[in-house]
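Every read-out reported here was derived from the displayed coordinates using simple, explicitly stated rules and does not represent laboratory data. Every value quoted in this text rests on a predicted model; they were computed, and no experiment measured them. All Cβ positions, even for glycine, are placed from backbone atoms using ideal geometry, and neighbour counts span all protein chains on display.
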Amino acid sequence: MIPRIDRPGILFAVIGGAGLALPLVQFKANRIVAGEGLALPAALPLGWVATVVIAAALAAGLILRAPWLRLGAAVLGLGATVSALGGAATALTPPDDTLARVAPASGFWLMMLALSLMTADALTRLRPPLALRWLLLGAAIAAVAGVLSSGMLDGISVMREYAARQDMFLREASSHLVLAFGSLALALLAGLPVGVAIHQRAAWRGPVLSALNVMQTIPSLALFGIMIPIFGWIAATWPAAAAAGVSGIGIFPALVALFLYSLLPVVANTLTGLSAVDPAATEAARGLGMTRPQVMTRVLVPLALPVLLAAIRIVLVQNIGLAVIAGLIGGGGFGTFVFQGLNQTAMDLVLLGALPTISLALVAGIAMDLTVEASHKGAA
Amino acid sequence: MIRIENLSRSFDGKPAVQDVSLTVERNQIAALVGTSGSGKTTLLRMINRLVEPSAGRVLIDGQDSRDMPAHLLRRRIGYAIQGHGLFPHRSVAQNIATVPRLLGWDKARIRVRVDELLGLFGMEPADFRDRMPSQLSGGQQQRVGVARALAAKPDLLLMDEPFGALDPVIRAKAQADLRQIQRRLGTTLVLVTHDMDEAITLGDRIAVMDAGRLVQYDTPAQILTAPATPFVRDLTGSGQRAFQLLSLTPVADLRRPGEASGTPIATDATLRDALSECLTSGREALPVAGGGIVTLDAIRGAAAE
């Protein structure tokens, strides 16, 4: 009997197969010159073992039906891909050569893509309960941290860039978090009251939302163009403002820009969430003798909570990504590496900024999705 | 007792309620009826100050309703609305406990009261206490809404189209239950409805509102037999008047000695029920529970009055 072919499995196999055929790594004599691509079996000793494991994982995606088995195969394939990358770096770099670079190439990225998709697909089919999904998220973070700290990937170009600027990386990581979470906190502090206000006074809705919409359409570079002279002038004119942190460039204008971009989602979702509450429930709450603050805290906010959390999710993920542009005006964050790398045409340095940003946004997005789902269950 | 004195309210210069005065005696039900836009809901909402009057005042047991903050006033007055307005994120017990919690009752007292009310409304406490409103039928939701309004034992209960969202069968049952519970608790009840039949079934007095003014405030019998204006006459609907009249009189009033066959009818059933039973079963007379009979002739006579 011929097993039925799994359709998403075909997609994963095609992408992964292309990845196996394309170069796994690029070997460069130094970080600037063009390199030479090496495909998997030839890139490292025992490369054929990794090739077989990855091919088997992709084949499992074609024929296996049980979600747990599919998940296992995908995770095994991911492990083999990452090990092959580490192994290739160790094997290819001549001893004591600090200039040579081994960078992940198209084949590696395609295999990671195919196997990550297969993992996500298997998880979707498993429909794990909420608590298990939190555990899986934690396990995935722990696995990545384990691989990175094990030294297994230390030969890879991105990790070499990291090793060269470890202190700076930690500093920029913390300013990235300050930018993303700080602007979110400010947007909530300002946006929630505004959302509540325009919910209660319908006449203000149009003007407020239009103004925030216009703000949202200003490109970030243009916004900096406007802010740099204004804040620069303020800082130069009032020393007290400068002492409080106001400046034309640096973290202050970056924080302000992210805050402004966050206002629309926060205000609009607050309004949507509050408006979706059954008017009969608020009418009853008032009629039974709740004060206005009691109606707000006991009825409106709990019922609007899923929509408010959805706003926080949008803003958080958006700001983690947008915070990269702070690097352009000396605001710090992972953007610093991205723009340095672009200036030096050093892709490894760009990746050192981009990969943590993407991972952070991914983790924040999933964590917030799980929170939103939990709040739906609470409100149902 | 509740006394409404020269109450008026306008919205943006347009009068919604104009110079309405009426008194509802203790333990009585007053039904406010009228077409939509007649001001009946505004009048009701001025009693618990969800709408503040432009002029006039409301005296509840002799006390001016403006003597205390509006939210404290409302905690003393029950309030139930169309579509029940239950809090969807709170269990049945938490919904019913809303006002007692606002008043700071202790937990044990609240629990006893919640179970007592659920029992009163025919809902097994152990079964219903922890359900969410979405897990109830429409009729059950409505009952929980009224139980919530009665939780802190208010002397006065306001209801705005409480049965509007129910289908006719459940509505008739809910009306009968409300009537019985109101009699048992001795609550004064002011009820807004656009359904004249409902007003006649439930009201001790009916207030007919038209264009913001009180046109007639009288007993159901007077409203039916002596309408003050053509508007009141139209509202009662000429085709239904005989039936509406019959629905006002209990069978007991026409009982006389005699024997008749078949299932007896309850003494508190209305003549309308008796007429229906006579026609359906093809009988000229029905035995009344506890002795005596009621005849079709007598019913006919009562309807022609």
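General observations
- Proximal lysines relative to B:K40, as straight alpha-carbon distance under 21 Å, when same-chain residues fewer than 8 apart are discounted: B:K14
- Rg followed by Dmax, in Å, when chain A is reduced to its Cα trace: 25.2, 83
- Between the range B:105-182 and the range B:287-305, the alpha-carbon center distance in angstrom: 35
- Reducing the range A:356-372 and the range B:59-88 to their Cα centroids gives an inter-centroid distance of 46 Å.
- Acute angle (nearest 10 degrees) that the helix A:130-149 long axis makes with the longest principal axis of chain A, alpha-carbon atoms: 50
- Averaging 1/r over every pair of different alpha carbons in the protein assembly as shown and inverting the result gives a Kirkwood radius of 31.9 Å.
- Paramagnetic reach from B:L59 (point 7 Å along Cα→Cβ, amide N under 16 Å) across the range B:12-35: B:20-26
- Rg and Dmax of the range B:228-289, Cα atoms only, in Å: 14.2, 45
- Note on the range B:119-227: antiparallel DSSP beta bridges, both residues inside, total approximately 50 percent of the bridges counted.
- Its Cα gyration tensor gives the range B:32-180 an equivalent ellipsoid, and the semi-axes of that ellipsoid, as √(5λ) in whole Å with the largest first, are 26, 20, 12.
- Set of lysines with alpha-carbon distance to B:K107 below 20 Å, sequence-local pairs under 8 removed: B:K153
- In chain B, one over the average inverse separation of all distinct C-alpha pairs is 20.9 Å, which is the Kirkwood hydrodynamic radius.
- Mean residue ellipticity at 222 nm, helices only, chain A: -25000 deg cm²/dmol; runs of at least 4 DSSP H residues each add -39,500 (n - 2.57), and the sum is divided by the number of residues.
- Reported to the nearest whole Å, the Cα centre-to-centre distance from the range A:12-65 to the range A:325-340 is 33.
- Rounded to the nearest 500, the helix-only mean residue ellipticity at 222 nm of chain B stands at -11000 deg cm²/dmol, with each DSSP H run of n ≥ 4 adding -39,500 (n - 2.57).
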